[in-house]
1. Return the pair list, or none, for Cβ contacts closer than 8 Å from residues in segment 132-160 that are under 19 Å from N194 (Cβ atoms) to residues that are modelled with pLDDT under 95 and surrounded by fewer than 17 Cβ atoms within 10 Å (Cβ to Cβ), at least 6 apart or on different chains.
2. Please list, ordered by first then second residue, the pairs with beta carbon atoms under 9 Å, 6 or more apart or interchain, first in segment 373-396 and in the same structural domain as P84 (by TED's automatic domain parsing) and more than 11 Å from A90 (Cα to Cα), second in a helix (DSSP H, G or I) and acidic (D, E).
3. Just a yes or no: is a residue in segment 153-162 among the polar types (S, T, N, Q) and surrounded by 21 or more Cβ atoms within 10 Å (Cβ to Cβ)?
4. Taking A329 as the residue in question, decide whether it is of a type in the set (G, A, S), surrounded by 19 or more Cβ atoms within 10 Å (Cβ to Cβ), in contact with a strand residue (DSSP E or B) (Cβ under 6 Å, 6 or more places away or on another chain) and closer than 24 Å to G244 by Cα.
5. Find all pairs meeting these conditions: Cβ atoms under 7 angstrom apart; at least six residues apart or on different chains; first residue within segment 50-70 and part of a helix (DSSP H, G or I); second residue not aliphatic (A, V, I, L, M).
6. Being within 20 Å of D79 (Cα to Cα) and crowded, with 19+ Cβ neighbours inside 10 Å is the filter; apply it to segment 357-368 and report the residue that is farthest from the chain's Cα centre (by Cα).
7. On the given criteria, is R76 buried (at least 17 other Cβ atoms within 10 Å of the Cβ) and at pLDDT 95 or above?
8. Scan segment 174-210 for residues that are surrounded by fewer than 20 Cβ atoms within 10 Å (Cβ to Cβ) and of a type outside the set (D, E) and jot them down.
Amino acid sequence: MITRRGMVAGLLAGAAGGALGTGWPVWADGPAASPRPVRRPSPPGTTERLVEQARLGGVTGFVVADAATGRILESRDADVPVPPASVVKAITAIYALDRLGAGYRFATRVMRVGEIGGPVLSGDLVLAGGGDPVLDTDQLGDLVASLALTGIRRVTGRFLAVAGALPQLDRIAADQPDHVGYNPGLSGLNLNFNRVHFEWRRAAGDWVIAMDARAERFVPRVTMARMAVAPREVPLFTLEVRPGVEDWTVASAALGDGGSRWMPVRQPAVYTAEVFRTLCAEQGIVLPQGEVVRALPAGARRIVERVSPPLADVVRDMLRFSTNLTAEAMGLTATGAGTLRGSGAVMTAWAGRRLGIDARFVDHSGLHGASRVTAGAMLTALIAADRAGMPLRGLLRDVGMRDAKGLVIEGHPVKVRAKTGTLNFVSGLAGFILPPAGRALTFAIFSADAARRGALAMDDREDPEGGQEWTGRARALQAQLVGRWAAAFG
């Protein structure tokens, strides 16, 4: 299975409508009684000292409550809006499950316009995307193998790649560097989380470069994304995008002797169509160059298809690996909006009606720094979803009880099922503290130094000076607070 985080080496290291058919209660336009309890301030002393010792600057807001009753047990600056980072994926999960249902599956179909006579399709072959965010090259290869079993070997017409199931985006967030793999493009046809594998090694005084769409069983070469080594130290990468082609350059001074990393793809439908065509050639199926179109041609009939795992499984992996592409594809599928900001606005309005919170979401992954939520609102959302029977507790990853340095305490009986979130000088954690016996707790913690984040130049945003140390202190603070709450209230 393809890894879900960019692989790096050498000096590049570190760059790295209701509950449809789910059996859950259908939510009306708002809870009959608001789960938002009366705010109670933190007792002076311990938590204030912990925040001061963390030396994070900006604002740190948190709140913890009894999960069953919603009664607030401790809070601090819980009404200050901050960027939620990837913690917003918990809201996206609730939203997608509510609107699409836990059993929803994304479908990728191979279709035809014309008739099959022996090994020849007299007409067009169509690869129709359904917005599947978890399709990888092995699964696409299996789809091609199913097509080969039909006996088709040649197409007299066009090869069409239909990408209109979702909007075409060249990236998720404009405020991120070009080369980071967690900020790819998006369309109705997606592959390998819309990343291409870049590998390099030194040989005979020159560089050997490979760009491929690898998975475990298939490693097809890619030509639409190209890399050239440039004799320079900075910038690390440059990118020029033209229709059907993405030309990268990389600084030779950063390469060392060899390594690899995943690069974002800006034209994912072109990428997917090329890989599909290459895999077809390996099965003896000859296709013309692919043409990307938005709409399915009239009269198209299905030949074979591949469906994703159920949405509940897709959500669980999205929360575990924090894959931005998956969050955006789920959110856009659920809203049907034509733009990412428009889709975020639809989810914002839904969260106000269904969860009773005041927030602002400009995307579904939290990658863009313009979204805003408070710790109090996040707590309210989690309690509302819990009361409605949404299985978020079971889908969130157990991040573990941690010591004062933020390291997991192996074998600890208390489970902490939560979603983390990190941007430059932004860190969040929200979820549930579940002791083996006693009271379950719901909590949200957000820290953000907006001034320090806003002062960063674009070239510094992948790994800013002091960023890792700041994030380490924020996570240590989160561990201290969660430990305190589990001992005092759980």
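The values are calculated or read from the model by the stated rules, or taken from the named source; none is laboratory data. The structure presented is a predicted model; accordingly, all values stated were derived computationally and were not measured. Cβ coordinates were reconstructed from backbone atoms using ideal geometry, including for glycine residues, and neighbour counts include every protein chain displayed.
1. Sorted first by the residue in segment 132-160, then by its partner, the pairs are D136/M1; D138/M1.
2. These pairs meet every condition: A388/D98; M390/D98.
3. no
4. Here the answer is no, as A329 does not meet what is asked.
5. Listed by first residue and then by second, the contacts come to L50/Q480; V51/T60; A54/R473.
6. Of everything passing the filter in segment 357-368, I357 is farthest from the chain's Cα centre (by Cα).
7. Answer is yes for this residue.
8. Result: A174, P177, R201, R202, A203, A204, G205, W207, V208, I209, A210.
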